[in-house]
């Protein structure tokens, strides 16, 4: 056991690490799910997969509700991919409260769950608008008080 392992064990008192994975069903999100599944495969982590639902309100149990099935389909597919790797997760739609507030919604959920790590995928586009406005992953890094891991999907191979 290394000093680093001891630090992690002491910080969580032997409890499993809490990981929040944000998904929108994209290729980058799939890479984030795969990364988080590897961390949770040994049973030392609890996964919560969230997808942000733009402002549809709350159900009686406090969770976001949607009048479309898009978020349910995204979460169902994420659950299927994790199950194929032998990993279970809590699947949660999260209310964005307002348009464009995706990073804020992820931060709120991570704080509520006292996450030890937030995992998000990013295509890594370097467009001017992302530099000026900030992409979701970049804004999440700036806003979060929790550690954030940004996972990029494998590069697409071009035919030669």
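The values are calculated or read from the model by the stated rules, or taken from the named source; none is laboratory data. Please read all numbers here as calculations on a predicted model, not as lab measurements. Neighbour counts run over all protein chains shown; Cβ positions are idealised from the backbone, glycine included.
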Problem set entry | Odd one out for residue 56 among (1) in contact with a strand residue (DSSP E or B) (Cβ under 9 Å, 6 or more places away or on another chain); (2) at pLDDT below 95; (3) exposed (fewer than 13 other Cβ atoms within 10 Å of the Cβ); (4) over 20 Å from residue 26 (Cβ atoms) | (3)
Exercise. When the stretch 82-112 is examined, which residues are found to be surrounded by fewer than 17 Cβ atoms within 10 Å (Cβ to Cβ), over 18 Å from residue 140 (Cβ atoms) and more than 13 Å from the chain's Cα centre (by Cα)?
Worked result: 83, 84, 85, 86, 88
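Yes/no per residue for (1) outside any helix (DSSP H, G or I); (2) at pLDDT 75 or above:
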{"residue": "6", "(1), (2)": "no, no"}
{"residue": "14", "(1), (2)": "yes, yes"}
{"residue": "18", "(1), (2)": "yes, yes"}
{"residue": "24", "(1), (2)": "yes, yes"}
{"residue": "38", "(1), (2)": "no, yes"}
{"residue": "47", "(1), (2)": "yes, yes"}
{"residue": "60", "(1), (2)": "yes, no"}
{"residue": "72", "(1), (2)": "no, yes"}
{"residue": "77", "(1), (2)": "no, yes"}
For this session: Hey, can you tell me all the residues within the stretch 29-53 that are crowded, with 22+ Cβ neighbours inside 10 Å and within 11 Å of the chain's Cα centre (by Cα)?
Result: 29, 32, 33, 36, 47, 49, 50, 51, 52
For this session: Would you check if there is a residue in the stretch 126-134 being modelled with pLDDT of 75 or more and within 21 Å of residue 54 (Cβ to Cβ)?
Result: no
Problem set entry | Given (1) modelled with pLDDT of 80 or more; (2) outside any helix (DSSP H, G or I), number of the condition residue 105 does not satisfy | (2)
